[in-house]
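The values are calculated or read from the model by the stated rules, or taken from the named source; none is laboratory data. All values derive from a computational prediction rather than experimental measurement. With ideal geometry, Cβ positions are generated from the backbone for all residues, glycine too; neighbour counts draw on all protein chains shown.
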């Protein structure tokens, strides 16, 4: 017992010295530390990534959707629509859901754009042709050519909550800026039906010409449409529900997008399938005229159909159903800056924000 | 069964050491196959069993099959079922759901597939009147009319569509989620609601369901 005491004492001394030493070091460190200063809070605002933009192309004969990076123009993937004859596309405002009509199946495919897969198929009607989302994105309106009606699809439950009888062979849908009216072009009737979205009834029928097809809301708050069976396009003013302008652009005009040319614009860019051109128009309905006719043949492109502008209005994406590719056109210089192979018979192109 | 036996025999004969792994892979693939949605264009959805008068089944290729009296006509997606004046019919669709068609009724069969929820059977009632009774347990069934949709789990109900699309829903037992583009109303036992174009379905009102059943007597329901 007595032998252990000196050892314990020695250990205790070492421990005390160690503690004193550590305390001293801590004291020294405290003295050498620079005075604390108030730091500004870190920046939490994030700059949206440009690379988030995506291009989606509906390939009718491949039954698929090609996904392309909007910045690098490289292909991200191909989504099987799990249906037949994928024709038209509508993208939700948040970019997470893509709705695709499938002509041959008569069904709407719902695509999860994050997972890049079809997550639902909804039977709408025979020869479902185009799909447009209501302005609040709660419903997808689908035009069924074979049934002369519009299916109203709930974009959350995917239930069809009603159908609206319209003209014969509906092929185009666009909504007014306030969402109070829908415009539905009908091939068989050579007309555009104006639908009151509250009563869900046709309140007026506007005669146009042969085979009216695509409809889109323009930056002038008017509805622009193509007569694919003729050579012209037309403009409808929702204020009067009348056709206020028309102009010949060439054989078989297909779709319309709006973009700027440097400081000038916006201009209407129309794919004219029969002449293999993109025709550029002024958008003033009182002085609507052709400004340019851009031949796309030299760029290995045939039969342009789908066209969409990037949100900035500086690039146009043109889907060519005859050459199975997508052209990226710089609207400022009319220079083709990329040609991207896609699936067979690309019909429609949409771009996320 | 024969396929399973073949797989087992193959595993035992060729590579006993990896037999279990191969069997697991095979079973896994079979299970995966069973979870794959019904994308085939000729998915069997039910059977037409009884017709008073004539039930006409119009196939997507426009071929017409007719049922008179008892029978078992298989029904596929896209088939249109029609009864004329004086005709009624009884069909059974998957999961033991009974559907009766009154005279002058046109009904089309579909299904909706969702990755998250599987397959929902859809009856698109274009005109006329149907009665639906689901068996025990929750079901995924919807009845669409021109102005409204009824989503069903475990119920018995009657739906009638007028020429303008106005839809009358009478629930005999259970709850039906009755919706238009303007809102959804839960309709419960012994109540009635109406769906009209451009409006929300009406507030449910109590109703004696026996008169609604009257047309079903000929079909033994």
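Please enumerate the residues belonging to region B:197-219 that are within 14 Å of another protein chain (Cβ to nearest Cβ) and over 23 Å from the mean Cα position of the chain (by Cα). Don't jump to the end; show me each part of the working.
Just the residues of region B:197-219 that are within 14 Å of another protein chain (Cβ to nearest Cβ), to begin with: B:197-201.
Passing the criteria: B:197, B:198, B:199, B:200.
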ask   = Quick check, is residue A:333 in contact (Cβ under 8 Å) with a residue 60 or more places away in the chain, assigned to a loop (DSSP other than H, G, I, E, B) and closer than 17 Å to residue A:265 by Cβ?
value = no
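Taking into account only those residues within region A:300-321 that are over 21 Å from residue A:262 (Cβ atoms) and in contact (Cβ under 8 Å) with a residue 40 or more places away in the chain, which is surrounded by the most Cβ atoms within 10 Å (Cβ to Cβ)? Please lay out each step first, then the result.
Going residue by residue through region A:300-321, those that are over 21 Å from residue A:262 (Cβ atoms) are A:300-306, A:319-321.
So of that shortlist, the ones also in contact (Cβ under 8 Å) with a residue 40 or more places away in the chain come out as A:304-306, A:319, A:321.
Working: A:304: 29, A:305: 23, A:306: 24, A:319: 32, A:321: 24.
So the residue we want is A:319.
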The correct count of residues that are touching a helix residue (DSSP H, G or I) at 6+ places or on another chain (Cβ under 6 Å) and either at the interface with chain A (Cβ under 9 Å from one of its Cβ atoms) or surrounded by fewer than 20 Cβ atoms within 10 Å (Cβ to Cβ) (or both) in region B:101-138 is 1
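Among the strands (runs of 3 or more DSSP E) lying completely within region B:50-168, list those that include at least 1 residues that are under 21 Å from residue B:181 (Cβ atoms) and in the same structural domain as residue B:187 (by TED's automatic domain parsing). Give the derivation first.
Working: elements: B:64-76, B:80-83, B:88-93, B:97-101, B:105-114, B:118-133, B:141-144, B:149-152, B:156-161.
Here the list reads B:105-114, B:118-133, B:141-144, B:149-152, B:156-161.
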Of the residues in region B:139-151, those that are more than 8 Å from chain A (Cβ to nearest Cβ) and under 10 Å from the mean Cα position of the chain (by Cα) come to B:139, B:140, B:141, B:143
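State whether one or more residues within region A:92-104 are at the interface with another protein chain (Cβ under 10 Å from one of its Cβ atoms) and either closer than 20 Å to residue B:78 by Cα or surrounded by 24 or more Cβ atoms within 10 Å (Cβ to Cβ) (or both).
Looking through region A:92-104, at least one residue is at the interface with another protein chain (Cβ under 10 Å from one of its Cβ atoms) and either closer than 20 Å to residue B:78 by Cα or surrounded by 24 or more Cβ atoms within 10 Å (Cβ to Cβ) (or both).
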Of A:138, A:159, A:127, the only residue that is within 13 Å of another protein chain (Cβ to nearest Cβ), at positive phi and at pLDDT 95 or above is A:127
Among residues of region A:201-224 being closer than 16 Å to residue A:174 by Cβ and within 14 Å of chain B (Cβ to nearest Cβ), the residue surrounded by the fewest Cβ atoms within 10 Å (Cβ to Cβ) is A:203
